[in-house]
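> The structure is given below, and queries will be raised subsequently.
Please treat every number below as a calculation from the coordinates, not as lab data. Since the structure is predicted, the reported quantities are computational estimates derived from the model, not experimental observations. Positions of Cβ are generated from backbone atoms using ideal geometry, with glycine treated the same way; all protein chains shown enter the neighbour counts.
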Amino acid sequence: MAGSRYDYPFDPDVANNTAATIFRVARRGGARVLDVGSGPGVVSGALVHLADKHVTCLDLEDDHLESAAQRGVQRVVRADLADPTWADPLAGERFDVIVLADVLEHLVDPGAVLARIRRLDLLEDDGYLIISIPNASHISIVGVLATGDFPYRPAGLLDETHLRFFTLRSMRRLLESNGFGIDEIHRTIRRIDETELHDVTRRLDPELIHRLESQHDESDTYQFVLRARSLQATQAPVQEEELEDLRRRLRRAQNGRARAREESDELRATVTELERRLDEAYRSHTWRAGRWIVGGPAAIRRRLRRS
């Protein structure tokens, strides 16, 4: 099987994993799946063999399409997403699920691809998109920016082939401007020390990291997996997701207040203990004798006259 930098081991049941989440969300949909920018077809092959889907993989690279075919994908289409005619070979077809897995961030104009899907009516009325994106507001990216750096890497959040960067809010705006609304949000979580940028961020002050993390509620989200439908079908679910986001922000704020109260209680206890020790010192014979001595003979005589 042809190799690719985008090949990876795949376990459909593992938790907190983007590829496995995409598989599970796609498995719930209908039988006809279009994988746009499929790469070597790792998830698509699993959908064929483990979920009995009919999958079309679309990609620019011949070796990717060869790998997808060897994995059992029933149809492959060579197309360049930068070309406005990329979807013409699919005209007249409709799919239950369209996957855009780690694709949109590689495009100069990701909105044009979404608009083309909608214009050609490639999605069934009850179908949905599955979109995965790296989170540009992850604490590791915010952290490297705090160091004055932006180090591209061969893979990961700052993959050197990324042309666009998205947060959940900016992706929501992009989708809605092209007629789609998010109705499910899944998250792959990674701490700052679990990312490929830790060699830079480990130099940051831990207190600064804590403050940066507390600024918003998605700082530990490494990647989002989003399910999106036509806007008409997602108005209520979109409001539910907004409510859940508000709940997450509230929980983070409450955690921050709890931490502040804990620190305040610790400081108050420390002050009380120091005041107690100081009071004991003031009452001790040693301190009183020292006060007599500090004033010299004249002060001692004055104190003796007052005694």
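> Place the peptides 55-63, 106-114 in order of packing, highest mean first, counting for every residue the other Cβ atoms within 10 Å and averaging per peptide.
So the peptides 55-63, 106-114, ranked by packing, come out 55-63, 106-114.
> Now for a separate question. For the charge dipole of segment 18-234, defined by +1 on Lys and Arg C-beta atoms and -1 on Asp and Glu C-beta atoms about the Cα centroid, which residue among Q232, S140, A115 has the Cα displaced farthest towards the positive pole?
Value: Q232.
> Based only on other Cβ atoms within 10 Å, what is the fewest-to-most ordering of S177, S44? The partial results should precede the final answer.
Values: S177 11, S44 30.
Lowest to highest Cβ neighbour count: S177, S44.
> Counting C-alpha atoms alone, how compact is segment 18-234: give Rg to one decimal and Dmax as a whole number, in angstrom.
In Å, with Rg to one decimal and Dmax whole: 17.8, 56.
> While we're looking at this one, here's another question. Using modelled amide H (1.01 Å from N, peptide plane; none on Pro or chain starts), what sits under 5 Å from the amide H of V99, excluding residues fewer than 5 places away?
Close amide H contacts, sequence-distant or interchain: L34, D35, V36, I130.
> Turning to a different aspect of this structure: Taking amide H positions as placed in the peptide plane 1.01 Å from N, state which residues far from F180 in sequence (5 or more) or on other chains have amide H under 5 Å from it.
L231
> Moving on. Can you list residues whose amide H is under 5 Å from V77's amide H, if they're 5+ apart or on another chain and H is modeled 1.01 Å from N?
Result for V77 returns C57, L58, D59.
> Distance between Cα centroids, segment 94-139 to segment 174-224: provide it in whole Å.
The distance from the Cα centre of segment 94-139 to that of segment 174-224 comes to 21 Å.
> Give the order of H54, H138, H49 when sorted by the count of other beta carbons within 10 angstrom, beginning with the fewest.
Working: H54 16, H138 22, H49 11.
By the 10 Å Cβ count, ascending: H49, H54, H138.
> By count of other Cβ within 10 Å, fewest leading, how are S170, S140 ordered?
Ordered from fewest to most neighbouring Cβ atoms within 10 Å, S170, S140 come out as S170, S140.
> To continue, here is another question. Charges at C-beta only: +1 for Lys and Arg, -1 for Asp and Glu. How large is the resulting dipole of segment 133-212 about its Cα centre, in Debye rounded to 20? Could the numbers behind the result be given before it?
Numbers: 11 positive and 12 negative charges, 40 e Å.
I would put it at about 200 debye.
> Once phi is turned into θ = phi - 60°, what whole-Hz ³J(HN,Hα) does the Karplus curve with 6.51, -1.76 and 1.60 give for every residue of segment 50-60, x standing for Gly and Pro?
9, 10, 6, 8, 9, 10, 10, 9, 10, 7, 8
> Hey, another quick one. Apply the Karplus curve 6.51 cos²θ - 1.76 cosθ + 1.60, θ = phi - 60°, to the phi angles in segment 205-210 and return the couplings in whole Hz, x for Gly and Pro.
5, x, 5, 5, 4, 4
> So, counting K/R as plus one and D/E as minus one, what does the shell of residues with Cβ under 12 Å around I139 add up to?
Values: positive: R190, R191, R211; negative: D193, E194, E213, D217, E218, D220.
Spelling it out: positives minus negatives among the neighbours equals -3.
> Per-residue HN-Hα couplings for segment 37-49, Karplus 6.51 cos²θ - 1.76 cosθ + 1.60 at θ = phi - 60°, whole Hz, x for Gly and Pro?
Result, rounded to whole Hz: x, 6, x, x, x, 4, 6, 4, x, 5, 5, 5, 7.
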